[in-house]
Amino acid sequence: CTLRDASAKFRADREIVIAAVGQDGHALQYAPSFYDKRQILMEAVHNYPKALQWASSRLQDSYQLVWIAVRHDGGHGSVLEFASKRLRGDVSIAREAVRRSSFASYAYAWLVPPARDDPEVMEIVNA
């Protein structure tokens, strides 16, 4: 199910958008009227963590949503790019991101203090 070729009417239908992003979170990019809808973003981020890039700034600052994106990132560490500055400085999110990342230094590049200076984060990155 793709939204790319769907009419504006279908792209604005909540049930259709939920179904589409449930199959492919990347579909969210074609439904901008839902960028600030928590349920839609949660569904999209579960199967395409980088869907966080289309989240409203309010949702990019949602601890729960960013945590889910980090947990489902597949070891890339790249979703931190789309998290709010406040959450890129959160020590627990930072620790989880660098622990899960195949390239901890890549995840580390998106961090800001105090997370960037956390001893446990530094230990993982330098291991």
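The values are calculated or read from the model by the stated rules, or taken from the named source; none is laboratory data. These figures come from a predicted structure and were not determined experimentally. Because the Cβ atoms are built from the backbone with ideal geometry, glycine has one as well, and the counts that use them run over all protein chains shown. These accessible areas exclude ligands, DNA and RNA; they are computed on the full protein's heavy atoms, side chains included. Shrake-Rupley method; radii C 1.70, N 1.55, O 1.52, S 1.80 Å.
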About the Cα centre, charge dipole magnitude for the chain (Lys/Arg +1, Asp/Glu -1 at Cβ), debye: 260 debye
For the chain, set up a Gaussian network in which alpha carbons nearer than 10 Å are linked by springs, and say which option among Glu15, Glu96, Glu81 fluctuates the most. Glu15
In whole Hz, what ³J(HN,Hα) sequence does segment 78-83 give by Karplus (6.51, -1.76, 1.60; θ = phi - 60°), x for Gly and Pro? 7, 5, 4, 4, 9, 7
How much length, in nm to one decimal, is gained on full extension between Phe103 and Gln29, taken as 0.36 nm per residue of separation minus their Cα-Cα distance? 24.0 nm
Going Cα to Cα from Lys85, which aspartates and glutamates come in below 15 Å? Please leave out same-chain ones fewer than 8 positions away. Asp61, Asp117
Take the alpha-carbon centre of segment 14-33, take the same for segment 93-127, and report the distance between them in whole Å. 31 Å
Which net charge results when you count Lys and Arg as +1 and Asp and Glu as -1 among the other residues whose beta-carbon is under 14 Å from that of Trp67? +3
Computed [θ] at 222 nm, deg cm²/dmol, the chain (DSSP H ≥ 4; -39,500 (n - 2.57); rounded to nearest 500): -13000 deg cm²/dmol
Could you rank Met122, Met42 by how accessible they are, 1.4 Å probe, largest area first? Met122, Met42
What accessible area per residue, rounded to a whole number of Å², is obtained for the chain using a probe radius of 1.4 Å? 51 Å²
Net charge within 14 Å of Met122 by Cβ-Cβ distance, Lys/Arg positive one each and Asp/Glu negative one each, not counting Met122 itself? -1
Note the angle between two axes, namely the Cα long axis of helix 14-23 and the longest principal axis of the Cα atoms of the chain, as a number of degrees from 0 to 90, rounded to the nearest 10. 50 degrees
How much of the accessible area of the chain, in percent, comes from carbon and sulfur atoms when a 1.4 Å probe is used? 51 percent
Tell me, what HN-Hα J-couplings in whole Hz come from the Karplus equation 6.51 cos²θ - 1.76 cosθ + 1.60 at θ = phi - 60° for each residue of segment 40-52, using x for Gly and Pro? 5, 5, 4, 4, 5, 5, 4, 10, 8, x, 5, 4, 4
Name the shape class, rounded, prolate or oblate, that the alpha-carbon gyration tensor gives for the chain, where a ≥ b ≥ c are the square roots of its eigenvalues, rounded holds for a/c under 1.5, and otherwise prolate holds if a/b is larger than b/c and oblate otherwise. prolate
